[in-house]
Amino acid sequence: MAADMRLPTIRKTVSLSVSAFDRKDLVVPGDVITSDTGFMRGHGTYVDEDKLTASVAGEVQRVDKLICVRPLKTRFNGEVGDVVVGRITEVQQKRWKVETNSRLDSVLLLSSVNLPGGELRRRSAEDELTMREYLQEGDLISAEVQSVFSDGALSLHTRSLKYGKLGQGVLVQLSPSLIKRQKTHFHNLPCGASIILGNNGFVWLYPTPGQQEEEAGGFYTSLEPVSLSDREVISRLRNCLLALAAHKVLLYDTSVLYCYESSLQHQVKDILKPEVMEEIVLLTQQKLLEQEG
């Protein structure tokens, strides 16, 4: 059996700013957030001896007089407008159940999808019978949160042509707290692959399509063989995502691209080795700090 042996190496010291480690907005359970009685108590906090105290580990968020703590490790709590990547788990009457990494299965109504061909009409009994031809169990979709039910379950829609059924690619499941909220979560990276950063922590990597198929209304998926170079790029991006997530670095298009560029001097299979991973992430953090400052 082949054994992978690695000798110790001298690590280069990379200087990062102190502010990255000395964060005042990060708390652990029991930390006093404020002793000022003028603030309102939000999620993740409790009052102990007239002091507002954190009950979970996370980031302190202030909205006017309301203070809450957003947990660093939690299930996905969706908001209207969030982009999600999910997997169909069940086909029901006039709806699909979708696993989106939240506490309850999300719902995609038949009336909330584009019909193939982009037809705009009322959904008939015939559409209901052919639901499984559009989406069936195990299919991956990209969608947007349309509303939140009273029990916390999410209602999704795929009415825009950028949403719909996902074809060939790689799904990476990460923590929702690592995804940075942006105006757009669909990115065509210059390295030849595209990425969908779902707010729910599901990230989809796929080869950048040559032309958009709009006639299928979001249900067309290309089954053409993916070239070796594209597969290598996607594999490298996948390992970069896992490396960034292991070191708790926020994921957005710039951080992923910088990490990809920093990893080019290593083989794809070596990226997840602990010392290589640490080196790549430190270089990425240094580039991000240079860009900010």
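Rule-based calculations on the coordinates, nothing more; no lab input. Because the structure is a prediction, the values reported are computed rather than measured. Neighbour counts run over all protein chains shown; Cβ positions are idealised from the backbone, glycine included.
Hey, which lysines would be in cross-link range of Lys65, C-alpha to C-alpha under 21 Å, not counting anything within fewer than 8 residues on its own chain?
Excluding near neighbours in sequence, the set is Lys24, Lys51.
Taking amide hydrogens as modeled 1.01 Å from N in the peptide plane, which residues meet the under 5 Å criterion relative to Leu66, leaving out close sequence neighbours?
Counting only residues 5 or more places away or on other chains, the set is Met40.
For the chain, just the Cα set please: Rg and Dmax, both in angstrom.
When restricted to Cα atoms, the chain yields Rg and Dmax of 22.1, 69 Å.
Apply the Karplus parameterisation 6.51 cos²θ - 1.76 cosθ + 1.60, with θ equal to phi minus 60°, to every residue of segment 103-110 and state each ³J(HN,Hα) to the nearest whole Hz, in sequence, with x for glycine and proline.
Each residue's phi maps through the Karplus curve to give 5, 10, 5, 7, 10, 10, 6, 4 Hz.
Tally Lys/Arg at +1 and Asp/Glu at -1 over every other residue whose Cβ is under 14 Å from the Cβ of Gln173; what's the total?
Values: positive: Lys73, Arg75, Arg87, Arg238; negative: Glu99.
With Lys, Arg at +1 and Asp, Glu at -1, the neighbours total +3.
Translational diffusion coefficient, Stokes-Einstein: compute it for segment 29-71 using the Kirkwood radius over C-alpha pairs as Rh, at 10 °C and 1.306 mPa s, and state it as an integer in µm² s⁻¹. Please list the in-between numbers first.
On the way: Rh = 9.9 Å.
So the translational diffusion coefficient is about 160 µm²/s.
Put +1 on the Cβ of each Lys and Arg and -1 on the Cβ of each Asp and Glu in the chain; which of Gly38, Leu109, Ile271 then has its Cα farthest toward the positive end of the dipole?
Towards the positive end, the residue furthest out is Gly38.
Going through the cross-link list Lys73/Lys162; Lys165/Lys269; Lys165/Lys273; Lys73/Lys97, which pairs have a Cα-Cα distance over 32 Å in this structure?
Values: Lys73/Lys162 29 Å; Lys165/Lys269 30 Å; Lys165/Lys273 34 Å; Lys73/Lys97 24 Å.
Pairs exceeding 32 Å: Lys165/Lys273.
If you bin the C-alpha pair distances of segment 91-193 every 5 Å from 0, what whole percents do you get?
Binned Cα distances yield the sequence 2, 9, 20, 23, 21, 13, 8, 4, 1, 0.
Can you list residues whose amide H is under 5 Å from Leu156's amide H, if they're 5+ apart or on another chain and H is modeled 1.01 Å from N?
Amide H neighbours of Leu156: Val107, Leu108, Leu109, Gln146.
Calculate log10 I(q)/I(0) of segment 32-175 for q = 0.14, 0.20, 0.21 Å⁻¹, where I(q) comes from the Debye formula with a single equal point scatterer on each Cα and nothing for solvent.
Computed log10 I(q)/I(0) values: -0.74, -1.15, -1.24.
Summing Lys, Arg as +1 and Asp, Glu as -1, what charge do residues with Cβ under 15 Å from the Cβ of Lys51 carry, Lys51 excluded?
Details: positive: Arg41; negative: Asp31, Asp36, Asp48, Glu49, Asp50.
Spelling it out: positives minus negatives among the neighbours equals -4.
For each cysteine in the chain, check whether another cysteine's C-beta sits under 4.7 Å from its C-beta; list those where none does.
If one checks each Cβ against the other cysteines of the chain, Cys68, Cys191 turn up with nothing under 4.7 Å.
Tally Lys and Arg at +1 and Asp and Glu at -1 over the other residues with C-beta under 10 Å from the C-beta of Thr37: what net charge comes out? All intermediate terms of the calculation are to be shown ahead of the outcome.
Details: positive: Lys51; negative: Asp36, Asp50.
Its environment carries a net charge of -1.
What value does segment 36-114 have for Rg/Rh, both radii from Cα atoms and Rh as Kirkwood defines it? It would help to have the intermediate numbers written out before the result.
Details: Rg = 18.0 Å, Rh = 15.3 Å.
Reported Rg/Rh, Kirkwood definition of Rh: 1.17.
Pop out the ³J(HN,Hα) list for segment 285-291 in order, Karplus 6.51 cos²θ - 1.76 cosθ + 1.60 with θ = phi - 60°, rounded to Hz; leave Gly and Pro as x.
Per residue, the Karplus-derived 3J(HN,Hα) values read 4, 5, 5, 5, 5, 5, 5 Hz.
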